[in-house]
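The values are calculated or read from the model by the stated rules, or taken from the named source; none is laboratory data. Keep in mind it's a predicted model, so treat the numbers as computed, not measured. Cβ atoms come from the backbone with ideal geometry, glycine included; neighbour counts cover every protein chain shown. For accessibility, only protein heavy atoms count, side chains too; no ligands or nucleic acids. Shrake-Rupley method; radii C 1.70, N 1.55, O 1.52, S 1.80 Å.
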Amino acid sequence: MAGGNEFNPGNEQQDKVLVEAAGPGPAYVVPTAAARQGPERAVAHAQEWFGQLGLELEELPILKRTDANSKDLADRARRGGFFYLVGGDPGLVVQVLQSSRVWNAIVEAWNDGSSLAGSSAGAMAICGHTLIRVSWPNRFNRRPTEALGLVTDTAVLPHFDTFGHRWIESAQQELPRATLLGIDERSAAVWQGGTWRAMGPGAVTVIKGKKVTRFESGREVTGLHAPARMLPSQ
């Protein structure tokens, strides 16, 4: 799970780990979160970035609910060896993917050894809760909604070093028992070998009630749930 500003210098450490862990099938960029913001740009940026790291990406074009329930696209996803959910709109990712054929196929592929990552909105959607802006002009006031559920009882605060830390108050009011995971830009919490580890130039911050623990790059991250092997809908 990455904190944002993906596909740019500074992300090499965690993205090289993802590339090395990729399975034998096709490698996919999933532009769902950017469906309303120029998904073609997100795809091109991802392809250029991972191409520099030696991995050729294909687009898995999941932009609306009918795409997510396509049997053909689900079959393609089931054969995938690498998936990257881009940043963008955190609510849209969940609306499109939740309990869909494609998301179930992605999780099945991940259970069989494929790499799976998300940045910013993509990382938020992977967790038990995602956080959506409540009202304008206070863009830091967030409300939770049920997300895809791979990391339960957790909500990601992306861009934590720039603006995500300002979401803490409203997130804790709405989710007093949940674990909040602040991830700095160009940094990530990576599940590898049965543990979470902080990677990238920034840090990962785990917030549980009044306890706040910051994990610098390279450190094992404690206080997070292991990813679920079975989704809530299953």
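Brief remarks follow.
- Every residue from the range 142-179 that is charged (D, E, K, R), touching a Gly at 6+ places or on another chain (Cβ under 9 Å) and under 20 Å from Q95 (Cα atoms): E146, D153
- Test: A121 is open to solvent by less than 10 Å² (accessible area, probe 1.4 Å) and over 28 Å from F160 (Cβ atoms): no
- Of all positions in the range 95-108, none carries a residue that is within 17 Å of G4 (Cα to Cα), open to solvent by 10 Å² or more (accessible area, probe 1.4 Å) and not in a helix (DSSP H, G or I).
- Unique match (being in contact (Cβ under 8 Å) with a residue 40 or more places away in the chain and of a type in the set (K, R)) among R65, R76: R76
- Only one entry of A46, A22, A2, A77 meets the criterion of being within 13 Å of the chain's Cα centre (by Cα) and modelled with pLDDT of 95 or more, and that entry is A2.
- Elements of type strands (runs of 3 or more DSSP E) in the range 4-91, at least 2 residues being under 30 Å from R133 (Cα atoms) and either open to solvent by 60 Å² or more (accessible area, probe 1.4 Å) or of a type in the set (F, W, Y) (or both): 82-85
- Residues of the range 158-192 satisfying the condition of being touching a residue at least 40 places away in the same chain (Cβ under 8 Å), among the hydrophobic types (A, V, I, L, M, F, W, C) and not in a loop (DSSP other than H, G, I, E, B): A171, L181, I183, A188, A189, V190
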